[in-house]
Amino acid sequence: MTPLHMRSPVHQGRRHTLPASEFRSLSPEDAISVFEIEREAFISVSGECPLHLDEVRHFLTLCPELSLGWFEEGRLVAFIIGSLWDQERLTTDALTLHKPHGTTVHIHVLAVHRTFRQQGKGSILMWRYLQYLCCLPYVRRAVLMCEDFLVPFYQKLGFKVQGPSEITVGPLTFIELFYPVRGHAFMRRNSGC
């Protein structure tokens, strides 16, 4: 039998592994992964990306706290990118500007990696994002624009139709929706935020 001091140590602590699922703000280092998912998701459907790579980097540099990524085993599987806006309705300026003193979060894009679609991840991620926005005292509402066929998806999450968007991209037209974050003051008081 080997004396105790000569035995190999047996590690009984936790193995150092990546978490199965992690939600966190995105950083400029995540921009390429974000853009690859976005490009695949949108080019196949509409032929246009809501944000180009330089715009993704732009928003992840200026307002990373208004983004949320879902990572599984260290790999980005879904994300949302937002920025602050200071008007009631979206204009073409809202597509590229971040208004630091705004009280409206413009949700530019929600995208899910193709191998993780149809699993409810988009709904779960948006729900978590909206709960997070409720904890930000300067946010009063969230707005987004989408194609007609996506309106029921966002309505199920609590968004309300505001009307047709003035923004068009080529032949594509959009509906503008909003989510009233301010009405959730009770949740803020009781959420630990």
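The values are calculated or read from the model by the stated rules, or taken from the named source; none is laboratory data. No experiment lies behind these values; they were computed from the predicted model shown. Cβ atoms come from the backbone with ideal geometry, glycine included; neighbour counts cover every protein chain shown. We work out accessible area using only protein heavy atoms, side chains counted, and drop any ligands, DNA or RNA first. Shrake-Rupley method; radii C 1.70, N 1.55, O 1.52, S 1.80 Å.
Within the set Tyr132, Tyr154, the sole residue that is touching a Cys at 6+ places or on another chain (Cβ under 8 Å) and modelled with pLDDT of 95 or more turns out to be Tyr154. Taking the range 61-96 as the range and being of a type in the set (S, T, N, Q) and either open to solvent by 50 Å² or more (accessible area, probe 1.4 Å) or not in a loop (DSSP other than H, G, I, E, B) (or both) as the test, the residues that pass are Thr61, Ser67, Ser83, Gln87, Thr92, Thr96. The residues of the range 36-51 that are at pLDDT 85 or above and either part of a loop (DSSP other than H, G, I, E, B) or touching a His at 6+ places or on another chain (Cβ under 7 Å) (or both) amount to a single one, Ile37. Going through (1) at pLDDT 95 or above; (2) under 14 Å from Pro50 (Cα atoms); (3) more than 15 Å from the chain's Cα centre (by Cα) one by one, Thr103 falls short only on (2). Quick one: in the range 133-167, which of the residues that are basic (Lys, Arg) and touching a residue at least 40 places away in the same chain (Cβ under 8 Å) is nearest to Ser123 (Cα to Cα)? In this case the residue turns out to be Arg141.
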